[in-house]
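The values are calculated or read from the model by the stated rules, or taken from the named source; none is laboratory data. Because the structure is predicted, anything quoted here is derived from the model rather than measured. We place every Cβ from the backbone using ideal geometry, glycine too, and count neighbours over all the protein chains shown. Each accessible area value is taken on the protein alone, full model and side chains, heavy atoms only, with ligands, DNA and RNA left out. Shrake-Rupley method; radii C 1.70, N 1.55, O 1.52, S 1.80 Å.
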Amino acid sequence: MSDLRGVIVSHAAVAQALVSAVTAITGIEGVLTAVSNEGCGTEALGQRLREAVGGGPAVLFVDLPGGSCFTSSARYAKQGGADIAVVTGVNLAMLLDFVFHRDIAPADAARRAVDAGAKAIRVTAS
Amino acid sequence: MTLALYRIDDRLIHGQVVVGWGQPLDVAFIVLVDDEVSSSDWEQDLYRMGVPPQIEVVFASVEQAAALLPGWEADRRVGILLVGDIDTAVALAARVPQVKRFNVGGVHHRAGRTERLRFVYLTDDEAAKLRQLAERGVDVTAQDVPTARAVPVGEFT
């Protein structure tokens, strides 16, 4: 199996809850790591990201397309040295797809995750 | 209107600022005063991404901000001015007498700092600088979101 990892970066406990949900649904453990920005300045959040990503490769799944989680993730991807892609607007559907499709490059995995996540957002017929 | 909020926040533009304060204040522009960010197009793109298109983002160095601040204060729209650290706040206040208040919104843990509030960690030197700022007539309070109490400088420095 691929060594591509997913790191979820969020406000409060969103990331941890998503990791728990993926494990509950798939039984897969050890692929996703949760990082919260709780109590973090830019420096501390960068350190948490370094610890979570390790040597890479990785896809960073960020909750919002802006804000401290996003700016720290984008900065880390640019400067970190490892092969890293960043996706924003993380949802459970994209993570469920990601954990089963990791034998590809981070950028490809990121695009695939975005497709899977977007398909899950819809208005259901009433 | 005017600059409704002068804020020290080491995360600069983020959710608490854009949504937490931006929504209730109906903010039309955000001024980010930071010498490093003002000289990096890439950093500016990053911070701009966190802001809805209807809100203008202005980047300025301390020197530029000192010159432009009276114009922002005279702006008919509501704005927020952000700095990332206490030194920048002190430098700006020293150059522009119009700076009459600073909200300490988020200064987080790093080596040498101790916890003063859940969202405020300061070195003794930084605490002293905030007290000096207050002694010079600047209203310094700590408040992360609008619904929280504004904690007076004497209670956390």
Counting pairs of Cα atoms in chain A, how many percent are more than 19 Å apart?
42 percent
May I ask you to list the lysines whose Cα is less than 20 Å away from that of residue B:100, ignoring any residue fewer than eight positions away on the same chain?
B:129
Rolling a 1.4 angstrom probe over the protein heavy atoms, how many square angstrom per residue are accessible across chain B?
45 Å²
Taking a label point 7 Å from the Cα of residue B:61 along the Cα→Cβ vector, which residues of the stretch B:87-107 have an amide N closer than 18 Å to it?
B:87-96
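Averaged per residue, what accessible surface does chain A expose to a 1.4 Å probe, in Å²?
Heavy-atom accessible area per residue stands at 47 Å².
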Residue B:85 paired with residue B:41, simple spin-label distance in nm, labels 7 Å along Cα-to-beta-carbon
2.7 nm
Buried area at the B-A interface (accessible, heavy atoms, 1.4 Å probe, summed, Å²)
1200 Å²
The stretch B:33-157: radius of gyration over Cα atoms, expressed as a fraction of 2.2 N^0.38 Å
1.09
Residues whose placed amide H lies under 5 Å from that of residue B:30, excluding near-sequence neighbours:
B:56, B:57, B:58, B:80
For the pair residue B:114/residue A:79, report the inter-label distance in nm, with labels modelled 7 Å from Cα in the Cβ direction.
3.0 nm
In Å³ and rounded to a whole number, note down the convex hull volume per residue for the Cα atoms of the stretch B:1-94.
83 Å³
Longest principal axis of chain A (C-alpha) makes with the long axis of helix A:106-119 (C-alpha) an angle, in degrees to the nearest 10, of 40 degrees
Quick check: at a probe of 1.4 Å, how many percent of the accessible area of the protein assembly as shown sits on carbon and sulfur atoms?
52 percent
Long-range HN-HN contacts of residue B:140 with modeled amide H, under 5 Å:
B:102, B:153
